[in-house]
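Please read the structure below before turning to the comments.
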Amino acid sequence: MPFIFEPLPIPEVILIKPRVFPDARGYFLETYKYSEFAANGITETFVQDNHSSSVRGVLRGLHFQNPPQAQGKLVRAVQGTIFDVAVDIRPDSPTFGQWVGEFLSDENHHMLYIPPGFAHGFQVISPRAEVSYKVTAEYAPDLDSGIIWNDPILAIQWPDPNPILSPKDAALPLLRDADIRF
């Protein structure tokens, strides 16, 4: 089996550890295989790939897309290290408002599956990071939304308390004021 699937404390969010085949030339690994993912409960179809490049301290998020274009994500750090976070924003969920975070890097090759109904963000902790992620719905600007990174109710323990933010991310609302339509 080329992957290990580990549900996190919010079990719908899954840490995925691929099997890495190193040799003198470098290494090889599979980053996605539908049959393996489906056998482990991840049956969505990924329809768009995104890639971001960021310097140390950049925090992107917390972003989500509302229905009917809600996005599930499969996130990995191609270069560098990030602290990747998923926040449950499903109002009827027993884990609403709770978060989980994992370090993803080009050294551990771990990936994080974040289903629809979660806000997502990450902070770069290496000098630079290249992040690639698949999504289950195409970007829809009219359904794009988010939550401020430092919402005191969420109390996310980011590695760097003084992140670099985009103007858009700096102006996101608190969870209680966010446009959540799940």
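The criterion of being touching a His at 6+ places or on another chain (Cβ under 9 Å), more than 28 Å from residue 32 (Cβ to Cβ) and buried (at least 21 other Cβ atoms within 10 Å of the Cβ) does not hold for residue 112. Where strands (runs of 3 or more DSSP E) fall wholly inside the range 1-113, the ranges with 1 or more residues that are of a type in the set (Lys, Arg), within 17 Å of the chain's Cα centre (by Cα) and farther than 22 Å from residue 168 by Cα are 14-18, 73-79. Scanning the range 71-93 for residues that are among the aliphatic types (A, V, I, L, M) and crowded, with 21+ Cβ neighbours inside 10 Å gives 74, 75, 77, 82, 85, 86, 87, 89.
One residue alone among 126, 145 is within 14 Å of residue 58 (Cβ to Cβ), hydroxyl-bearing (Ser, Thr, Tyr) and more than 13 Å from the chain's Cα centre (by Cα), and that residue is 126. The residues of the range 1-18 that are at pLDDT 95 or above and not hydrophobic (A, V, I, L, M, F, W, C), listed by number, are 6, 7, 9, 11, 12, 17, 18.
All conditions in (1) free of Cβ contacts under 8 Å to residues at least 60 places away in the same chain; (2) closer than 20 Å to residue 166 by Cα; (3) out of contact with any His (no Cβ under 8 Å at 6 or more places or on another chain) hold for residue 84, with the sole exception of (3).
Being surrounded by fewer than 13 Cβ atoms within 10 Å (Cβ to Cβ), acidic (Asp, Glu) and in contact (Cβ under 8 Å) with a residue 12 or more places away in the chain is the filter here; which residues of the range 18-69 pass it? Hits for the range 18-69 are 30, 49. Of all the numbered requirements in (1) touching an Asp or Glu at 6+ places or on another chain (Cβ under 6 Å); (2) not in a strand (DSSP E or B), residue 138 misses one, and that requirement is (1). For beta carbons closer than 9 Å, sequence separation of 6+ or different chains, a first residue in the range 149-173 that is closer than 11 Å to residue 123 by Cα and a second that is of a type in the set (S, T, N, Q) and part of a loop (DSSP other than H, G, I, E, B), the qualifying pairs are 158/150; 161/150; 163/150.
Residue by residue, here is whether (1) of a type in the set (Ser, Thr, Tyr); (2) at negative phi; (3) out of contact with any helix residue (DSSP H, G or I) (no Cβ under 9 Å at 6 or more places or on another chain) holds:
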{"position": "88", "(1), (2), (3)": "no, yes, yes"}
{"position": "93", "(1), (2), (3)": "yes, yes, yes"}
{"position": "105", "(1), (2), (3)": "yes, yes, yes"}
{"position": "113", "(1), (2), (3)": "yes, yes, no"}
{"position": "119", "(1), (2), (3)": "no, yes, no"}
{"position": "129", "(1), (2), (3)": "no, yes, yes"}
{"position": "151", "(1), (2), (3)": "no, yes, no"}
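Tell me yes or no: at least one residue of the range 123-134 is surrounded by 14 or more Cβ atoms within 10 Å (Cβ to Cβ), within 19 Å of residue 11 (Cβ to Cβ) and in contact (Cβ under 8 Å) with a residue 60 or more places away in the chain. For the range 123-134, residues surrounded by 14 or more Cβ atoms within 10 Å (Cβ to Cβ), within 19 Å of residue 11 (Cβ to Cβ) and in contact (Cβ under 8 Å) with a residue 60 or more places away in the chain: absent.
Of the residues in the range 1-17, at least one is acidic (Asp, Glu), crowded, with 16+ Cβ neighbours inside 10 Å and closer than 26 Å to residue 178 by Cβ.
The values are calculated or read from the model by the stated rules, or taken from the named source; none is laboratory data. Because the structure is predicted, anything quoted here is derived from the model rather than measured. When we count neighbours, we look across all protein chains shown, and the Cβ atoms used for this are built from the backbone with ideal geometry, even at glycine.
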